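Written out below as structure tokens is the structure these notes cover.
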Amino acid sequence: MTRNLFGTDGVRGTANTYPMTAEMALRLGAAAGRWFRTDGRNGHRVVIGKDTRLSGYMLENALTAGLTSTGMNVLLLGPVPTPAVGFLTRSMRADLGIMISASHNPAHDNGIKFFGPDGFKLSDEVEAEIEAALAGEIRLAQPENIGRAKRVDGGLARYVEYAKTTFPHRGRLTGLKVVVDCANGAAYRAAPEVLWELGAEVIPVGVTPNGTNINDRCGSTYTQTAAEAVVAHGADLGISLDGDADRVMILDETGRVADGDQIMALLAARWAEAGRLKGGALVATVMSNLGLERFLQARGLRLERTAVGDRYVVERMREGGFNLGGEQSGHIVMTDYATTGDGLIAGLQFLAAMAETGKPASALVRQFETVPQMLKNVRYQAGQEPLANAEVRKVIAEAEAALLGQGRLLIRKSGTEPLIRVMAECEDADLLARSVEGIVAALERAA
């Protein structure tokens, strides 16, 4: 059974354009509702969260209509981080959780992510079955069995209280000044509140969402804003989240950035030393830097690589019994605490390392020297297949031959946007640049 509608992180696209239309959201809600009501019982419930995009209102209402039409009772959480949806799905004994968000994408995009009753994202197989149901006739509930919908005001407060419990240091954050950039997104209330209640002096950035400014020159994909705030306010740390707060970048007191690889290296080393890193391994994707792998090997630890996408990281973690994983892009998955990437809780773990070691952030953000890496994106028109072009295949083969034994090359389609990502690593900077730029030029001609 194939998945054409679902990508690496749910269904995503431009708002009011297929598949992100109200009509499709309604049908998707109905298909998911019918799939999760296979036992025919009444009383099934689903929680729905969203980020701050204007189109979230439209998709929330359409999903609610589809879900209630199949007998699901809907609990509307309002704007909450993606990890809060995973947490609340399980905490509130829901059969299904849904997050309406396009994560780090610009405001004109949106997406729909599904979580199972255990709080984890659905598998490829389940998504394929929902997609198959979507293509057929969806059996609706009898009139007396139509579901109800209501707003839930306490969901965010539950998550805030839970996030605070994950901060392991006995003391509070008193005396620390922290910049938190919420990307005008889903964590604009939760993240500053958690940090302030733990005792920090908080400088909030990106906390004035207006429906169209999410991820706009702020957040984890634009760390300049947080870096400027850290330096201007003399802060001890910067925590830069993305639009749905499942990614994070950490900034030290000078504004220098630690990406997901550096954060994972810090946590893996500390957890291994404390005897709490399960399986002696960290799970990351093929995009993680070779330097991370060498760092772990030097400490007798393994790097388990997966396909790109935090869902695949989590699947491997669950299969192997590992408790730490993530992506270079800033998804940090700690299954001791959360079922998906949680940028805020990852930030608290970094703060705990500062508190316990007494070291400034600048002594912790650089755990290893990275192997020179270059990543470029090539946008293409829908329906085109630039990677099938003969010239492109020839240029890729030549680059692979040149890099053999000296580095590695990874070329893949994005699962969330019409982009081809070209990534290479090599100690020889000139060879690295020639390889990537040659492939990008060939792709641009074919696109």
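Worth pointing out:
- Just one residue in the set Ala191, Ala227, Ala200 is among the aliphatic types (A, V, I, L, M) and farther than 21 Å from Phe167 by Cβ; that residue is Ala227.
- Some residue of segment 375-392 being out of contact with any helix residue (DSSP H, G or I) (no Cβ under 6 Å at 6 or more places or on another chain), closer than 30 Å to Asn110 by Cα and open to solvent by less than 30 Å² (accessible area, probe 1.4 Å): no
- Residue in segment 78-110 that is surrounded by the most Cβ atoms within 10 Å (Cβ to Cβ), counting only those that are assigned to a loop (DSSP other than H, G, I, E, B) and among the hydrophobic types (A, V, I, L, M, F, W, C): Ala102
- Residues of segment 7-32 satisfying the condition of being within 19 Å of the chain's Cα centre (by Cα) and open to solvent by 10 Å² or more (accessible area, probe 1.4 Å): Gly7, Thr8, Asp9, Arg12, Gly13, Thr14
- Flag for Ala141 being outside any helix (DSSP H, G or I), modelled with pLDDT of 95 or more, crowded, with 18+ Cβ neighbours inside 10 Å and not β-branched (Val, Ile, Thr): no
- Flag for Gly238 being out of contact with any Cys (no Cβ under 7 Å at 6 or more places or on another chain) and in a strand (DSSP E or B): yes
- Sole residue being out of contact with any Asp or Glu (no Cβ under 7 Å at 6 or more places or on another chain) and in contact (Cβ under 8 Å) with a residue 40 or more places away in the chain, chosen from Ala265, Ala272, Ala281: Ala265
- Selection from segment 280-295 of residues that are farther than 22 Å from Lys413 by Cβ, surrounded by fewer than 22 Cβ atoms within 10 Å (Cβ to Cβ) and either touching a strand residue (DSSP E or B) at 6+ places or on another chain (Cβ under 8 Å) or among the basic types (Lys, Arg) (or both): Gly280, Leu290, Glu293, Arg294
- Residues located in segment 361-391, provided they are of a type outside the set (A, V, I, L, M, F, W, C), farther than 24 Å from Val333 by Cα and over 23 Å from the mean Cα position of the chain (by Cα): Pro372, Tyr380, Gln381, Gly383, Gln384, Glu385, Pro386, Asn389, Glu391
- When Gly358 is tested against (1) buried (at least 18 other Cβ atoms within 10 Å of the Cβ); (2) free of Cβ contacts under 8 Å to residues at least 60 places away in the same chain; (3) closer than 27 Å to Gly199 by Cβ, exactly one condition is not met: (1).
- Subset of segment 310-326 that is part of a loop (DSSP other than H, G, I, E, B) and of a type outside the set (Phe, Trp, Tyr) - its residue that is nearest to Ala269 (Cα to Cα): Asn323
- When segment 167-196 is filtered for residues that are under 22 Å from Ala157 (Cβ atoms), without any contact (Cβ under 8 Å) to a residue 40 or more places away in the chain and open to solvent by 50 Å² or more (accessible area, probe 1.4 Å), the ones remaining, listed by number, are Arg172, Glu193, Trp196.
- The number of residues in segment 235-270 being out of contact with any Phe, Trp or Tyr (no Cβ under 9 Å at 6 or more places or on another chain), open to solvent by 10 Å² or more (accessible area, probe 1.4 Å) and either over 23 Å from Gly185 (Cβ atoms) or not small (Gly, Ala, Ser) (or both) comes to 9.
- Looking only at segment 58-77, residues that are open to solvent by 10 Å² or more (accessible area, probe 1.4 Å), farther than 19 Å from Tyr162 by Cβ and touching a strand residue (DSSP E or B) at 6+ places or on another chain (Cβ under 8 Å) come to 4 in all.
A quick yes/no check of all residues on (1) open to solvent by 10 Å² or more (accessible area, probe 1.4 Å); (2) in contact (Cβ under 8 Å) with a residue 40 or more places away in the chain; (3) acidic (Asp, Glu); (4) in a helix (DSSP H, G or I):
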{"site": "Arg299", "(1), (2), (3), (4)": "yes, no, no, no"}
{"site": "Glu304", "(1), (2), (3), (4)": "yes, no, yes, no"}
{"site": "Gln328", "(1), (2), (3), (4)": "yes, yes, no, no"}
{"site": "Ala346", "(1), (2), (3), (4)": "no, yes, no, yes"}
{"site": "Ala352", "(1), (2), (3), (4)": "no, yes, no, yes"}
{"site": "Thr370", "(1), (2), (3), (4)": "yes, yes, no, no"}
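- Test for Leu54: is it at pLDDT 95 or above and either among the aliphatic types (A, V, I, L, M) or open to solvent by less than 20 Å² (accessible area, probe 1.4 Å) (or both): yes
- Checking each residue in segment 396-413 for being in contact with a Ser or Thr (Cβ under 6 Å, 6 or more places away or on another chain) and in a strand (DSSP E or B) picks out no residue at all.
The values are calculated or read from the model by the stated rules, or taken from the named source; none is laboratory data. In this text the structure is predicted, and so the values were computed from the model without any measurement. We place every Cβ from the backbone using ideal geometry, glycine too, and count neighbours over all the protein chains shown. Accessible surface is based on the protein model in full, side chains and every heavy atom, while ligands, DNA and RNA are left aside. Shrake-Rupley method; radii C 1.70, N 1.55, O 1.52, S 1.80 Å.
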